[in-house]
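K.L.:
Could you have a look at this structure, given as structure tokens, before my questions?
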Amino acid sequence: MIKKNTPADDVLCHGKKCDRKNHCCKMGSGFLIKDDLDKIAEFLKISVDSLKDIRLDAVEMFNTTLHKPKLDKKKGKHYGPCTFFDGKGCSIHEVKPLGCKVGNCSEHGEKLHLWFMLNHFLNDEDPESIRQYATYLKSGGKTLDGGELKNIVKDETLLNKILNFEILR
């Protein structure tokens, strides 16, 4: 069972179970964390800034910005092949981003996505991140065991101050 605090190595085991033969790469891309940016830039022999400018899009969620590979969108569609998909597979497979390693469309796909979101977009030290996450949950957003607000901010008084905008930073 995948929970918010499931170790990354265990999550990666679930992410490996995919037999869709590059389906995810043909339809989208995963998110990068800081280490991924550095590894991919080094692999491509370009600067991190060049990588961001040429091959990545910035995406914000819960007051946190991460990058993901650009997509080759066709005819106004919101999906398309990842910029690193070369028609046969991932051209940066040796340094594949964590978001691509854990994300797939297997039976665990939704939980893998939620795990990544909780552990890499949600910042439990940023009051605005907590407030945006609370809005997400209130509007019907899904989470995992351990991803409830009371588990993210264990001090109920502090949580109430954050949610009531008494604590801004």
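K.L.:
Please report Val153, Val95, Val59 as a ranked list, fewest other C-beta atoms within 10 angstrom at the top and most at the bottom.
P.N.:
So the residues, fewest neighbours to most, are Val59, Val95, Val153.
K.L.:
Can you sort Cys13, Cys82, Cys90 so the residue with the fewest Cβ neighbours within 10 Å comes first?
P.N.:
Ranking Cys13, Cys82, Cys90 by Cβ neighbours within 10 Å, fewest first, gives Cys13, Cys90, Cys82.
K.L.:
Given springs between every Cα pair under 10 Å in a Gaussian network model of the chain, which of Lys88, Lys75, Lys150 has the largest fluctuation?
P.N.:
Lys75
K.L.:
Suppose every Lys and Arg Cβ carries +1 and every Asp and Glu Cβ carries -1, with no other charges. What dipole size does segment 8-121 come out with about its Cα centre, to the nearest 20 debye?
P.N.:
Charge dipole of segment 8-121: 580 debye, to the nearest 20.
Where a number appears in this text, it was derived from the coordinates with a stated rule and is not lab data. The structure presented is a predicted model; accordingly, all values stated were derived computationally and were not measured. Cβ sites come from the backbone with ideal geometry, for glycine too, and all protein chains shown count toward neighbours.
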